[in-house]
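S.K.: Dropping a structure here in structure tokens format, bear with me for questions.
The values are calculated or read from the model by the stated rules, or taken from the named source; none is laboratory data. These numbers come from a predicted model, not from an experiment. With ideal geometry, Cβ positions are generated from the backbone for all residues, glycine too; neighbour counts draw on all protein chains shown.
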Amino acid sequence: MATAKNVRHHVVIGSGVAGSQAAETLRECEPDARVTILTLSSLLFYNRYDLPKVFRGHRDWREFLAYPAEYYRERRIGMRRCSRVAGVDAKRRAILLDHKEEIRFDTLLVASGGRGYVPEELSEFRPLMHPFSSYTEAMVAANEVPDRGHVIMLGGDMIGLDLARTLLDTRHRVTLVAGPQTFWPHEVGADERPGLVAALEKMGIEVVEGADAGGIASIEKGARGLSSRRVLFKDGTELYGDVVMPFFGLVPSVEFMLGSGVDIERGLLVNPALRTTNEGIYAAGDVCQIWSDAERRYRFYYGWKNVRAMGDLAARNIAGGADPWVPAQDETLHVTADGNIQSPFWEYE
Ligand SMILES: Cc1cc2nc3c(=O)[nH]c(=O)nc-3n(C[C@H](O)[C@H](O)[C@H](O)COP(=O)(O)OP(=O)(O)OC[C@H]3O[C@@H](n4cnc5c(N)ncnc54)[C@H](O)[C@@H]3O)c2cc1C
């Protein structure tokens with residue numbers, strides 16, 4: 001049994017798929033260590049791919065939790081909710097929370113994920129759009145869309161298209177203003193795009209091509225008695241709907257790591273063992289870019305199975321392993337023989 005003096009303190013920033021898996025694996029690998037999760041979320045871990053269920057009548061937050069509170073207590077995983085990390089001092093091995101509390105660590109795993117990207121030209125219209133990346137945002141959006149209501153989706157990344165499947169299934173109308181981020185994170189060649197767009201139309205999505213974010217002149221509140229949103233395009237055409245939802249892919253949440261001494265490109269840069277440029281700091285999930293020997297570049301690996309595998313690997317390496325990253329899912333987007341879209345991003349069970 002380790003003495004209090006030599007017990008290591010592993011801190012995980014983020015309670016998403018990567019952070020939760022990492023904490024669980026750390027506990028298995030090091031039964032005596034202290035493991036703490038810091039998260040700005042007020043809810044315990046839930047799978048974000050479950051959020052579209054709000055349109056199927058699931059509204060109670062308890063239905064979304066992956067594990068009950070006892071799960072963390074039994075495993076002696078300290079869970080600090082509503083705790084926003086403001087900064088990290090790698091040299092002093094200290095984390096500063098927004099409310100000025102300082103937390104010391106022996107090893108740190110950053111698993112702070114990403115948040116929805118909104119192109120600069122649309123940022124002034126943010127207050128009129130409904131993002132969909134947390135339980136709270138999902139509830140707000142669901143309350144705004146009436147039965148059989150009309151959702152105008154901008155961008156159309158795979159997260160948005162996943163939601164579109166549920167919306168159509170629950171008899172809503174979906175119009176997609178397509179653009180370069182449609183199908184993100186898949187990289188789609190010009191030759192593949194027409195077939196994929198045809199598959200979206202077969203699903204029941206009304207696709208507006210050729211406008212994208214740069215083609216939008218404004219997003220406005222509808223006048224009394226009309227639909228609540230109007231999207232006006234630069235060519236003078238317009239669309240009316242109940243909500244406008246942005247789905248332009250994710251940007252890594254790394255702000256609090258700026259100045260920490262760890263290298264950042266867009267995400268936190270990690271070697272194949274998921275270690276950053278600081279030996280006590282690792283990163284996993286949507287926040288990190290992993291060095292690929294084959295591609296000679298740092299790159300993101302998205303998808304729920306990849307993210308969970310990263311959390312597991314980072315924890316095992318923190319506990320003394322040295323295994324390299326091997327992707328847990330492939331990245332190809334297909335149209336099946338019967339014209340349906342098939343993506344590993346949508347296979348999460
Ligand atoms: C609606 C929706 C549907 C999706 N559907 C799919 C799907 O079908 N298939 C799929 O593969 N993926 C899907 N995804 C994406 C998938 O959810 C993400 O890839 C995954 O959640 C990333 O996990 P993560 O652990 O890296 O980060 P996240 O799940 O984003 O978790 C990040 C954590 O970090 C915390 N955090 C961030 N900043 C701070 C800070 N400064 N201080 C403290 N805590 C902080 C957050 O509170 C959160 O707990 C979907 C996402 C959404 C939103």
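S.K.: What are the pairs with Cβ atoms under 6 angstrom where one residue, in the range 175-192, is assigned by TED's automatic domain parsing to the domain that holds G210 and in contact (Cβ under 8 Å) with a residue 40 or more places away in the chain and the other, located anywhere, is part of a loop (DSSP other than H, G, I, E, B) and aliphatic (A, V, I, L, M)? Sequence gap at least six, or different chains.
M.R.: Close Cβ pairs (under 6 Å, with a partner that is part of a loop (DSSP other than H, G, I, E, B) and aliphatic (A, V, I, L, M)) amount to V177/A211; H186/L333.
S.K.: Continuing with this model, one more query. State whether the residues of the range 317-326 include one that is closer than 30 Å to G195 by Cα and in contact (Cβ under 8 Å) with a residue 12 or more places away in the chain.
M.R.: Looking through the range 317-326, none of the residues is closer than 30 Å to G195 by Cα and in contact (Cβ under 8 Å) with a residue 12 or more places away in the chain.
S.K.: Still on this structure, please answer the following. Scan G320, G339, G285, G280 and give me the residue that is within 12 Å of the ligand (Cβ to nearest atom) and among the small types (G, A, S). Spell out how you get there, then give the answer.
M.R.: Values: G320 fails: within 12 Å of the ligand (Cβ to nearest atom); G339 fails: within 12 Å of the ligand (Cβ to nearest atom); G280 fails: within 12 Å of the ligand (Cβ to nearest atom).
After applying the criteria, what remains is G285.
S.K.: Consider Y302 carefully, then state whether it is of a type in the set (S, T, Y), within 13 Å of the ligand (Cβ to nearest atom) and buried (at least 18 other Cβ atoms within 10 Å of the Cβ). Outline the logic, then answer.
M.R.: Details: of a type in the set (S, T, Y): yes; within 13 Å of the ligand (Cβ to nearest atom): yes; buried (at least 18 other Cβ atoms within 10 Å of the Cβ): yes.
Judged against the criteria, Y302 is a match.
S.K.: Of the numbered conditions (1) over 16 Å from G285 (Cα atoms); (2) without any contact (Cβ under 8 Å) to a residue 40 or more places away in the chain, F45 satisfies every one except a single condition; which is it?
M.R.: Checking F45 against (1) over 16 Å from G285 (Cα atoms); (2) without any contact (Cβ under 8 Å) to a residue 40 or more places away in the chain, the one that fails is (1).
S.K.: If you go through the range 48-68 one residue at a time, do you hit one that is within 26 Å of T276 (Cα to Cα) and either among the hydroxyl-bearing types (S, T, Y) or assigned to a loop (DSSP other than H, G, I, E, B) (or both)?
M.R.: no
S.K.: I would also like to ask the following. Show the residue pairs that are 6+ apart or on different chains and have beta-carbon atoms under 9 Å apart, the first residue being within the range 121-146 and more than 17 Å from L163 (Cβ to Cβ), the second being assigned to a helix (DSSP H, G or I).
M.R.: E121/A213; E121/G214; L122/A213
S.K.: Can you give me the ranges of the strands (runs of 3 or more DSSP E) entirely in the range 246-349 with at least 1 residues that are more than 30 Å from D191 (Cβ to Cβ), modelled with pLDDT of 95 or more and among the acidic types (D, E)?
M.R.: Working: elements: 250-252, 268-270, 281-283, 288-292, 297-299.
Hits in the range 246-349: none.
S.K.: Within the range 19-39, identify whether any single residue is near the ligand (Cβ under 7 Å from one of its atoms), at pLDDT 95 or above and out of contact with any Gly (no Cβ under 7 Å at 6 or more places or on another chain), and answer yes or no. I'd like the intermediate steps shown before the answer.
M.R.: The initial filter retains those residues of the range 19-39 that are near the ligand (Cβ under 7 Å from one of its atoms), namely 19, 38-39.
With the extra rule that they be at pLDDT 95 or above, the set shrinks to 19, 38-39.
After this cut, where a residue has to be out of contact with any Gly (no Cβ under 7 Å at 6 or more places or on another chain) as well, the list is 38.
So far as the range 19-39 goes, yes, one or more of its residues are near the ligand (Cβ under 7 Å from one of its atoms), at pLDDT 95 or above and out of contact with any Gly (no Cβ under 7 Å at 6 or more places or on another chain).
S.K.: Return the only residue of E238, E201, E255 being closer than 25 Å to G113 by Cα and free of Cβ contacts under 8 Å to residues at least 12 places away in the same chain. It would help to see each step written out before you state the result.
M.R.: Working: E238 fails: closer than 25 Å to G113 by Cα; E201 fails: closer than 25 Å to G113 by Cα.
One residue alone meets the criteria, E255.
S.K.: Also: What number of residues within the range 42-58 are surrounded by fewer than 18 Cβ atoms within 10 Å (Cβ to Cβ) and within 15 Å of the ligand (Cβ to nearest atom)? Before the answer, list the steps.
M.R.: Kept after step one, since they are surrounded by fewer than 18 Cβ atoms within 10 Å (Cβ to Cβ), are these residues of the range 42-58: 42-43, 47, 49-50, 53, 56-58.
After this cut, where a residue has to be within 15 Å of the ligand (Cβ to nearest atom) as well, the list is 42-43, 47, 49-50, 53, 56, 58.
Residues flagged as surrounded by fewer than 18 Cβ atoms within 10 Å (Cβ to Cβ) and within 15 Å of the ligand (Cβ to nearest atom) within the range 42-58 amount to 8.
S.K.: Follow-up. Given (1) out of contact with any helix residue (DSSP H, G or I) (no Cβ under 7 Å at 6 or more places or on another chain); (2) under 30 Å from A337 (Cβ atoms), where does L168 come up short, assuming only one miss?
M.R.: (1)
S.K.: Can you spot a residue in the range 22-30 that is hydroxyl-bearing (S, T, Y), surrounded by fewer than 16 Cβ atoms within 10 Å (Cβ to Cβ) and assigned by TED's automatic domain parsing to the domain that holds Y301?
M.R.: So the first thing to find is which residues in the range 22-30 are hydroxyl-bearing (S, T, Y), and the list is 25.
Restricting the remaining residues to those that are surrounded by fewer than 16 Cβ atoms within 10 Å (Cβ to Cβ) gives none.
The answer is no, given that none of the residues of the range 22-30 is hydroxyl-bearing (S, T, Y), surrounded by fewer than 16 Cβ atoms within 10 Å (Cβ to Cβ) and assigned by TED's automatic domain parsing to the domain that holds Y301.
S.K.: Filter the range 107-154 for residues that are aromatic (F, W, Y) and touching a Phe, Trp or Tyr at 6+ places or on another chain (Cβ under 9 Å) and give the result.
M.R.: Across the range 107-154, the qualifying residues are Y117, F132, Y135.
S.K.: Right, another one. Please go through the range 153-205 and pick out each residue that is basic (K, R) and assigned to a helix (DSSP H, G or I). Step through it out loud before you land on a result.
M.R.: Of all residues in the range 153-205, those basic (K, R) come to 165, 171, 173, 193, 202.
Within the range 153-205, R165, R193, K202 meet the criteria.
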